[in-house]
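Following: one structure in structure tokens, then a few remarks.
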Amino acid sequence: MRRSLLAFTVAPLVLTACGASAQPRATLPRTRLVVHLSVDQLRPEYLDLYRAQFTGGLARLLKSGAYFPNGFQDHGITETAPGHSTMMSGRFPRSTGIVANDAGVLDIQFPLIGTTGDPASPYRFRGTVLGDWMRFANPRARLLSVSRKDRAAILPLGRAKGEAYWYAPKSAMFTTSRWYADTLPSWVQQFNARRLPQSYAGKTWELLLPATSYAEADSVAVESHGKGFTFPHRVPDDAGALGEALKDFPMMDDITLQLALEGVRVRELGADSSRTDFLAVSLSTTDAVGHRYGPDSRELHDHLLRVDRYLGTFLDSLFRLRDSSSITFSLTADHGVAPFPDASLVSRYRSAPAGRVTLASIVRPLYESLAKAGVESAGYQWDAGVLYLDPVHFARARVNRDSVARAFARRVASTPGVMRADVYADLVKRGAGADGITRRWLHMFPADVPVAVVVTLKPFWYLGAVQEASHGTPHDYDSRVPVLFSGAGVKPGRYEDTVRVVDIAPTLAAILSLRAMEVLDGRVLTRVLR
């Protein structure tokens, strides 16, 4: 039984008070364009492991940038929507209000334009982002965000007035929702008319380098659900299947970057010396490949080599359009990933036994008992390791919410594979300084989300009958991501100390001599400022 978390969310909180974040720095170089890059499910280990084979954009950014391999998405549910909500806001999900993919950008009031698919908007996002601060300083600033995923395109802009475009697989085109416009602009229509996704019909994904360049085996049957797990991989001929299938192929990232570049050209981002513009590009295929083939796969290795080349082409083209000295880059990821849970598989990314945890025998009786006690079904939900109990519904049924939560936590805590099951009210009393797991759970939820119990599995264990490599836990392997800055205003170097993704927005604001419009969770990484 699964219901959307939308029932537990409320209208966004609009914050208008100015909080001290980044003090103006008059001596910093003039940035005309900020380019924020995110690679979905990018573990920083990949950048060191494959760096010797990088020759394109990743190689260039690592060489010229300020790189932190120990960056963290410091919250409990490490999914795409919460992760992207932190990048340009400088705040944890407890402040952005984006607590899970289910309660991310789905909004039935704003259908897609020119195609079918999930309606979407930033309605549930709370507060401000870098784009708001930029437009507050200069209303002429232009903001553009593109991705394959709707949430990855929408959330870096928050509710700021800008343009967001994402891929609609049913029609194999890029679109937006009626939150942003009534019709697609002509430049996006013209880009779609090139039919780049359809041009890959029937083509194959071959290895970029000779097979001897890959240490990973190409015969792991658990990959790709046991079907089609060896190279080459073929894109379907059928037009109906192609749009959905292409998300698992590296070419999707190349198409996304081409759309971003066209947006820079047509919307003249970074072309006017009187303003600073913003571009966000989220590349989603690493997530799809990582889920399907796993972090130890030859497919993941080859895909990242291609991402490096695609980014190299993108940077070359961007620098032909704009002066490279006027661009500031940031790069990070929304989350990491764990290896497949099959204990028999050896993984370079797993240091402990793995397994699966099934809690249906506890959750199902709970639902049944609550229904018999008169608690309406809208008042309780088990989702992704979190038990939500709405106090209003429990009070109406005269059922003690705290007793239910504690009984559930005790039963779950004794289940093999469970590390801890915490009554959330106890974590609040304990405080964020108690331990890392507690801190990340407390960074997760706004006070008005009725969290009752949060369950943390043992490292590398999976909830339910998951057959893919996945993520979503507060453990470091799901939380650790790269954080990188490069370009105008940035002092290159490699920094091994721990930073957080919420530090990116205030650091960019410092480079741009901006002040945040509210109090932030992140801080300025002053040592990277030139």
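Within this structure, residue 329 fails the test of being part of a helix (DSSP H, G or I), assigned by TED's automatic domain parsing to the domain that holds residue 80, at pLDDT 95 or above and within 25 Å of residue 504 (Cα to Cα).
When region 85-130 is filtered for residues that are hydroxyl-bearing (Ser, Thr, Tyr) and assigned to a loop (DSSP other than H, G, I, E, B), the ones remaining, listed by number, are 89, 115, 116, 121, 123, 128. When region 379-416 is limited to residues that are within 26 Å of residue 461 (Cα to Cα) and out of contact with any strand residue (DSSP E or B) (no Cβ under 7 Å at 6 or more places or on another chain), the one that is surrounded by the fewest Cβ atoms within 10 Å (Cβ to Cβ) turns out to be 416. Looking across region 51-86, the residues that are more than 22 Å from the chain's Cα centre (by Cα) and either over 20 Å from residue 305 (Cα atoms) or of a type in the set (Ser, Thr, Tyr) (or both) come down to 55, 64.
Taking the criterion of being buried (at least 24 other Cβ atoms within 10 Å of the Cβ) and either in contact with a Phe, Trp or Tyr (Cβ under 6 Å, 6 or more places away or on another chain) or closer than 28 Å to residue 242 by Cβ (or both), would at least one residue in region 119-127 satisfy it? Yes: region 119-127 contains one or more residues that are buried (at least 24 other Cβ atoms within 10 Å of the Cβ) and either in contact with a Phe, Trp or Tyr (Cβ under 6 Å, 6 or more places away or on another chain) or closer than 28 Å to residue 242 by Cβ (or both).
The C-beta contact set for region 266-282 (first residue at positive phi, second residue crowded, with 18+ Cβ neighbours inside 10 Å, distance under 7 angstrom, 6+ apart or interchain) comprises 270/32; 270/33; 270/264; 270/277; 270/322; 270/327.
The residue of region 447-467 that is surrounded by the fewest Cβ atoms within 10 Å (Cβ to Cβ), among those that are over 25 Å from residue 96 (Cα atoms) and out of contact with any Leu (no Cβ under 9 Å at 6 or more places or on another chain), is 465.
At least 1 residues being touching a His at 6+ places or on another chain (Cβ under 6 Å) is the threshold, and among the helices (runs of 4 or more DSSP H) wholly inside region 226-320 those reaching it are 285-293. Being in a strand (DSSP E or B), assigned by TED's automatic domain parsing to the domain that holds residue 118, surrounded by 16 or more Cβ atoms within 10 Å (Cβ to Cβ) and not acidic (Asp, Glu) is a description that applies to residue 174.
Could you go through region 267-282 and let me know if any residue there is in contact with a Lys or Arg (Cβ under 8 Å, 6 or more places away or on another chain), of a type in the set (A, V, I, L, M) and closer than 30 Å to residue 89 by Cα. Checked against the condition, which is being in contact with a Lys or Arg (Cβ under 8 Å, 6 or more places away or on another chain), of a type in the set (A, V, I, L, M) and closer than 30 Å to residue 89 by Cα, region 267-282 yields at least one hit.
Look at region 188-214: where a residue is closer than 23 Å to residue 239 by Cβ and assigned by TED's automatic domain parsing to the domain that holds residue 172 and a partner is β-branched (Val, Ile, Thr) and in a loop (DSSP other than H, G, I, E, B), sitting 6+ places away or on another chain with Cβ atoms under 8 Å, you get 188/176; 200/235; 201/235; 202/235; 203/235; 204/235; 205/235.
Looking only at region 337-345, decide whether some residue is in contact with a Gly (Cβ under 7 Å, 6 or more places away or on another chain) and not hydrophobic (A, V, I, L, M, F, W, C). The answer is yes, given that some residue of region 337-345 is in contact with a Gly (Cβ under 7 Å, 6 or more places away or on another chain) and not hydrophobic (A, V, I, L, M, F, W, C).
The values are calculated or read from the model by the stated rules, or taken from the named source; none is laboratory data. This structure is a prediction, so every number in the text was calculated from the model and none was measured. Using ideal geometry, Cβ is built from the backbone for each residue, glycine included, and neighbour counts are taken over all protein chains shown.
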